[in-house]
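A.B. asks: Got a structure here, written out as structure tokens. Questions coming.
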Amino acid sequence: ALAASARNGVLINRWMYIEAPAHLKAIALDKTGTLTEGKPAVVEVVPMSGHDERELLERVAALESRSDHPLAQAIVSFAKQRGVAFKPADDFQIIQGKGATARFDGQMYWLGSHRYLEERGQETPDVHERLEALSRAGRTVVVIGKDEHVCGFIALADAVRPAARPSLEALRNSGIQHLVMLTGDNRGTADTIARETGVDEVHAELLPADKVTAVESLVTKYGSVAMIGDGVNDAPAMARATLGIAMGAAGSDAAIETADIALMSDDLTKLPWLVRHSRRTLAII
């Protein structure tokens, strides 16, 4: 069974995990890089408060250049394509699950999500409406600002994996009772992806600790639960689940090391295959 899994691009960490998929009742899935391609692209740059596009890209790219998150890499790549040169920022600090801060020419700048903007109390009605419209269109937004005002924002889009919806349908047909999407992205984008993929439940704007709490709730209710993800932020939730499954091709080292099973080709069709394979193995045993 382990050898057959490996031939199919599914690496199982230890022998006991070949039996676990047969007993699953619910599955939680990360959004970016799991249900979506994990290859977001910049679709719009919106400077505000007297800043121009080039300056905005310089600041954001300098902040994001220290991150390996797909959104950060997409912004840095876009800035390079536009010929925007940027130098590392001073006093760089990550705000876990929310964004980052750094100093440019003696001034502090911050970068983060719509939620982080709201927490800072710097959102105006006009900015709120524009960000909500982008969210409803399935866009992920990165906002940058300083203490005085919002400097602008960058909108990105990430395509849903073609295999996502049919794979989730196959999991339901295999007897999985509940499929949940967990994401740190905004509610509007999460709902759009949820409609496209057909998950049963959505939890959005989550910090890593919130994902753990959501998985704990599923374990309490369903008993046997898998968590599927690809990023550092998914690792704690994967560790808390009955079974942790990593998207292995582009996943972070932390996610792969935490996982009990890795899908080395990032092929979601291997999930229903894994459930069936596990049940065949138990039948033979």
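The values are calculated or read from the model by the stated rules, or taken from the named source; none is laboratory data. None of these values were measured; they are calculated from a predicted model. Methodologically, a virtual Cβ is constructed for each residue, glycine included, from the backbone with ideal geometry; neighbour enumeration extends over all protein chains shown. Note: areas computed on protein heavy atoms with side chains; ligands, DNA, RNA excluded. Shrake-Rupley method; radii C 1.70, N 1.55, O 1.52, S 1.80 Å.
A.B. asks: Dipole of region 13-161, Cα-centred, from +1 at each Lys and Arg C-beta and -1 at each Asp and Glu C-beta, to the nearest 20 debye? Show your work: numbers first, answer last.
C.D. replies: Values: 19 positive and 22 negative charges, 122 e Å.
My answer is approximately 580 debye.
A.B. asks: Please work out which option in (1) 26; (2) 19; (3) 57 gives percent of Cα pairs over 33 Å apart calculated from these coordinates, and answer with its label.
C.D. replies: (1)
A.B. asks: With +1 on the Cβ of every Lys and Arg and -1 on the Cβ of every Asp and Glu, and nothing else charged, how large is the dipole of region 163-274 about its Cα centre, in debye rounded to the nearest 20?
C.D. replies: Working: 8 positive and 16 negative charges, 66 e Å.
Approximately 320 debye in magnitude.
A.B. asks: For the ranges 94-106, 231-243, what's the packing order if you count other beta-carbon atoms within 10 Å of each residue, average per peptide, and put the highest first? The partial results should precede the final answer.
C.D. replies: Details: 94-106: 15.0, 231-243: 23.5.
Per-residue Cβ counts within 10 Å, averaged per peptide and sorted highest first, yield 231-243, 94-106.
A.B. asks: So, with +1 on the Cβ of K and R and -1 on the Cβ of D and E, and no other charges, what is the size of the charge dipole of the chain about its Cα centre, to the nearest 20 debye? Please list the in-between numbers first.
C.D. replies: On the way: 31 positive and 38 negative charges, 237 e Å.
That gives the chain a dipole magnitude of about 1140 debye.
A.B. asks: Against the longest alpha carbon principal axis of the chain, how many degrees, from 0 to 90 and to the nearest 10, is the axis of helix 53-64 turned?
C.D. replies: 50 degrees
A.B. asks: Here's a follow-up. On a C-alpha basis, how far is the centre of region 164-236 from the centre of region 39-111 in Å? Whole number, if you could?
C.D. replies: Centre-to-centre (Cα) distance: 29 Å.
A.B. asks: How far is helix 187-197 tilted, in degrees, relative to the longest principal axis of the Cα atoms in the chain, given as a value from 0 to 90 rounded to the nearest 10?
C.D. replies: The angle comes out near 40 degrees.
A.B. asks: Shifting gears a bit: Would you count, across the chain, every pair of lysines whose alpha carbons are under 19 angstrom apart, provided the pair is eight or more residues apart or spans two chains?
C.D. replies: 12
A.B. asks: How much length, in nm to one decimal, is gained on full extension between D105 and V43, taken as 0.36 nm per residue of separation minus their Cα-Cα distance?
C.D. replies: Values: separation 62, 0.36 × 62 = 22.32 nm, distance 2.84 nm.
Additional length available on full extension: 19.5 nm.
A.B. asks: Please list the non-local residues whose amide H lies under 5 Å from the amide H of E123, H modeled 1.01 Å from N, same-chain partners needing a gap of 5 or more.
C.D. replies: The list, which skips near neighbours in sequence, is empty: none.
A.B. asks: Taking amide H positions as placed in the peptide plane 1.01 Å from N, state which residues far from T36 in sequence (5 or more) or on other chains have amide H under 5 Å from it.
C.D. replies: R161
A.B. asks: Would you be so kind as to identify which of T34, A209, V76 lies farthest towards the positive end of the dipole of the chain, taking Lys and Arg as +1 and Asp and Glu as -1 on Cβ and the Cα centre as origin?
C.D. replies: T34
A.B. asks: Shifting gears a bit: Have a look at V46, T269, W110 and report the one farthest towards the positive end of the charge dipole of the chain, computed about the Cα centre with Cβ charges (Lys/Arg +1, Asp/Glu -1).
C.D. replies: Highest projection toward the positive end goes to T269.
A.B. asks: Continuing with this model, one more query. Sort 20-30, 171-181 by the packing proxy (mean of other Cβ within 10 Å over each peptide's residues), most packed first.
C.D. replies: Details: 20-30: 23.5, 171-181: 16.9.
In decreasing order of mean packing, 20-30, 171-181 become 20-30, 171-181.
A.B. asks: Let me ask you something else. For the chain, what does the relative contact order come out to in percent, with C-alpha contacts under 8 Å and a separation of six or more? Display every interim value, and only then the final one.
C.D. replies: Values: 574 pairs, mean separation 72.9, N = 285.
Rounded, it is 26 percent for the chain.
A.B. asks: Residue by residue through region 86-92, what is 3J(HN,Hα) from phi via Karplus (6.51 cos²θ - 1.76 cosθ + 1.60, θ = phi - 60°)? Round to whole Hz and write x for glycine and proline.
C.D. replies: For region 86-92, the Karplus-derived couplings read 9, 10, x, 7, 8, 6, 5 Hz, x marking Gly and Pro.
A.B. asks: Just by accessible area at a 1.4 angstrom probe, what is the order of L206, L282 from largest to smallest?
C.D. replies: Working: L206 30, L282 55 Å².
If we order L206, L282 from most to least accessible, we get L282, L206.
A.B. asks: Follow-up. Between helix 125-136 and the chain, what is the angle of the helix's C-alpha long axis to the longest principal axis, kept within 0 to 90° and rounded to the nearest 10?
C.D. replies: So the inclination is approximately 30 degrees.
A.B. asks: Check which residues have an amide H placed less than 5 Å from K146's amide H, if you skip close sequence neighbours.
C.D. replies: Under 5 Å from the amide H of K146 lie the amide H atoms of W110, C151, each far enough along the sequence or on another chain.
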